[in-house]
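**Student:** Take a look at this one; I'll ask things after.
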Amino acid sequence: MSKCTETDMQSSYISYPKKPTIKKETMRTYHAYAAPSAKAPLEPFTFDPGPLGPEEIEIEVSHCGVCHSDLSMLDNDWGMSKYPFVPGHEVTGTVSTLGEQAKGLKIGQRVGLGWWSYSCLSCHQCLSGDHHLCPTAQGTIVGRHGGFADRVRAQWTWVRPVPEALDLSKAGPLLCGGVTVFAPFLVHNVPSTARVGVIGIGGLGHMALQFANKWGCEVHAFTTSDSKEAEAHKLGAHYVHNTKQDGALKKIAGPRTFLLAGDSKLISWANAAAMAAGQVAFIAPLAAARVPAGLFAALPAGAGTEADYVAARDAGKPAAARGTYRVAEDDGGMDIRGPRKSDPVVHLRRILVYSPANAAGQAKARR
């Protein structure tokens, strides 16, 4: 038997693909636009982001949308802004640097980043798929510098690939307002046979019309301006109603009507309650926490309600858990608060109004 030489052994080794190279971070200065104080104009601002975290992604920003929440944070409306403040949470761009433990992305990949930038990935909420309710979740512009910059960082979990078919200059709003109006279709299992009412044809409503139309629904648009009728039809509405006209909301009350309110100021809470005679879900993504007194008392006998809340006004922490809330009534109105008396007033994310016929089923499903 012939001897096996070292050269023979080397030539018989199996060749494995090389591991993907992770681009190492080099210290750099970020260039951004920041407000030095509440309500101040943005001005050029540079900062050192510090070492890249092991789970972080650095994005080279190509575009960033403008959301009303940026303005609210700029003005410190919610009492949790820190200055200098760099806004921007509708970010698109490409991956420029990967942390050692970042997963699922590669250098140069087209990505987007929305409101959230970090969650723990180990708490009950994260493990249940409700990462946005993580007790330690961090917003992209809450205690962090946002996307009005040449670079921005976030945990890999929240940096999502953007399909090649989408224009990066137009995709940003989908990461905030788009998610806000699309999620209810999934959360509430809205079928393609549903009638969907979109209230307010603005920053949220114009996307909701398009989603509802592509979902296959019969789409109703509600606005206070007749001048928006042609645009609403173009965006996907089959019918357009002027809410200044009496009974506009009641016209579509009936089986499987789903209302999505992009502007809660256009809604008559009394009409919303009255519509519970049909099978109606009323969702107000931007509703203030203040609700008129007597709303729940006005519901038909047997009707059910449910609410979610997020983002305490004077604390930069999300709500403790979905569906946990209490109503504090005073001065002719009601505030939605956390489960304890000491909890601050929070922003109401969603109110659902169920019909008497459907309330029992909803309660059973929640159990």
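The values are calculated or read from the model by the stated rules, or taken from the named source; none is laboratory data. The shown structure was predicted, so the numbers you read here are calculated from the model rather than taken from an experiment. FYI the Cβ positions are ideal-geometry reconstructions off the backbone, even for glycines, and counts take in every protein chain you see.
**Student:** Could you pull out the residue among 58, 90 that is in contact with a helix residue (DSSP H, G or I) (Cβ under 7 Å, 6 or more places away or on another chain) and surrounded by 20 or more Cβ atoms within 10 Å (Cβ to Cβ)?
**Tutor:** Working: 58 fails: in contact with a helix residue (DSSP H, G or I) (Cβ under 7 Å, 6 or more places away or on another chain).
Being in contact with a helix residue (DSSP H, G or I) (Cβ under 7 Å, 6 or more places away or on another chain) and surrounded by 20 or more Cβ atoms within 10 Å (Cβ to Cβ) holds for just one of 58, 90, which is 90.
**Student:** Take the residues of region 61-87 that are of a type in the set (D, E, K, R) and surrounded by fewer than 16 Cβ atoms within 10 Å (Cβ to Cβ): which is nearest to residue 106 (Cα to Cα)? Let's see the steps before the verdict.
**Tutor:** Residues of region 61-87 of a type in the set (D, E, K, R): 70, 75, 77, 82.
Still in the list and also surrounded by fewer than 16 Cβ atoms within 10 Å (Cβ to Cβ): 75, 77, 82.
On the way: 75: 36, 77: 37, 82: 32 Å.
Going through the qualifying residues, I end up with 82.
**Student:** While we're on this one: Within region 97-129, can you find the residues that are part of a strand (DSSP E or B) and buried (at least 20 other Cβ atoms within 10 Å of the Cβ)?
**Tutor:** Result: 97, 98, 111, 112, 113, 116, 117, 118.
**Student:** Which of the residues belonging to region 153-172 are within 11 Å of residue 111 (Cβ to Cβ) and in contact with a His (Cβ under 7 Å, 6 or more places away or on another chain)?
**Tutor:** Across region 153-172, the qualifying residue is only 168.
**Student:** Kindly establish whether residue 180 is in contact with a Pro (Cβ under 8 Å, 6 or more places away or on another chain) and in contact (Cβ under 8 Å) with a residue 40 or more places away in the chain.
**Tutor:** Considered against the rule, which asks whether it is in contact with a Pro (Cβ under 8 Å, 6 or more places away or on another chain) and in contact (Cβ under 8 Å) with a residue 40 or more places away in the chain, residue 180 comes out as yes.
**Student:** Which of the residues that make up region 179-210 are at pLDDT 90 or above and either out of contact with any Cys (no Cβ under 9 Å at 6 or more places or on another chain) or aliphatic (A, V, I, L, M) (or both)?
**Tutor:** Residues satisfying the conditions are 206, 207, 208, 209, 210.
**Student:** Out of (1) more than 18 Å from the chain's Cα centre (by Cα); (2) farther than 22 Å from residue 30 by Cα, the odd one out for residue 153 is which?
**Tutor:** The one condition residue 153 does not meet is (2).
**Student:** Name every residue in region 166-203 that is within 16 Å of residue 147 (Cβ to Cβ) and of a type outside the set (Gly, Ala, Ser), in order of residue number.
**Tutor:** 168, 170, 173, 174, 175, 176, 179
**Student:** Being in a helix (DSSP H, G or I), acidic (Asp, Glu), out of contact with any helix residue (DSSP H, G or I) (no Cβ under 6 Å at 6 or more places or on another chain) and without any contact (Cβ under 8 Å) to a residue 60 or more places away in the chain: is that true of residue 229 here?
**Tutor:** yes
**Student:** Still on this model: All but one of (1) β-branched (Val, Ile, Thr); (2) more than 30 Å from residue 129 (Cβ to Cβ); (3) under 24 Å from the mean Cα position of the chain (by Cα) hold for residue 190; which doesn't?
**Tutor:** Going through (1) β-branched (Val, Ile, Thr); (2) more than 30 Å from residue 129 (Cβ to Cβ); (3) under 24 Å from the mean Cα position of the chain (by Cα) one by one, residue 190 breaks only (2).
**Student:** If I go through region 211-237 residue by residue, how many of them are over 11 Å from residue 258 (Cα atoms), buried (at least 19 other Cβ atoms within 10 Å of the Cβ) and not charged (D, E, K, R)? First the steps, then the outcome.
**Tutor:** Step one: list which residues in region 211-237 are over 11 Å from residue 258 (Cα atoms), which gives 211, 213-216, 221-237.
If we keep only those that are buried (at least 19 other Cβ atoms within 10 Å of the Cβ) too, we end up with 211, 221-223, 228, 232, 235-237.
Those left that are additionally not charged (D, E, K, R): 211, 221-223, 232, 235-237.
Total satisfying the criteria: 8.
**Student:** In addition: Considering only residues of region 156-175 that are out of contact with any Ser or Thr (no Cβ under 6 Å at 6 or more places or on another chain) and crowded, with 22+ Cβ neighbours inside 10 Å, which is modelled with the highest pLDDT?
**Tutor:** Looking at the filtered set, the residue picked out is 159.
**Student:** A further question on this structure: Output the qualifying pairs, or none if there are none: Cβ atoms under 7 angstrom, residues six or more apart or on different chains, first residue in region 164-175 and hydroxyl-bearing (Ser, Thr, Tyr), second residue not in a helix (DSSP H, G or I).
**Tutor:** Within 7 Å, the pairs are 169/63.
**Student:** When you go through (1) in contact (Cβ under 8 Å) with a residue 40 or more places away in the chain; (2) part of a helix (DSSP H, G or I); (3) of a type outside the set (Gly, Ala, Ser); (4) buried (at least 20 other Cβ atoms within 10 Å of the Cβ) one by one for residue 201, which number turns out not to apply?
**Tutor:** Only one criterion in (1) in contact (Cβ under 8 Å) with a residue 40 or more places away in the chain; (2) part of a helix (DSSP H, G or I); (3) of a type outside the set (Gly, Ala, Ser); (4) buried (at least 20 other Cβ atoms within 10 Å of the Cβ) is unmet by residue 201, namely (2).
**Student:** I'd like the residue in region 130-149 that is more than 16 Å from residue 55 (Cβ to Cβ) and within 14 Å of the chain's Cα centre (by Cα) and, out of all such residues, is surrounded by the most Cβ atoms within 10 Å (Cβ to Cβ).
**Tutor:** The initial filter retains those residues of region 130-149 that are more than 16 Å from residue 55 (Cβ to Cβ), namely 130, 132-133, 135, 139, 141-143, 145-149.
Among the residues that remain, those that are also within 14 Å of the chain's Cα centre (by Cα) are: 130, 132-133, 139, 141.
On the way: 130: 16, 132: 20, 133: 20, 139: 21, 141: 25.
Only one residue tops the list, namely 141.
**Student:** To continue, here is another question. Can you pull out every residue in region 72-122 that is acidic (Asp, Glu) and out of contact with any Cys (no Cβ under 8 Å at 6 or more places or on another chain)?
**Tutor:** The answer is 75, 77, 100.
**Student:** Another question about this same structure. Select from region 73-96 the residues that are of a type in the set (S, T, N, Q) and assigned to a loop (DSSP other than H, G, I, E, B) and write down the one among them that is nearest to residue 114 (Cα to Cα).
**Tutor:** Result: 81.
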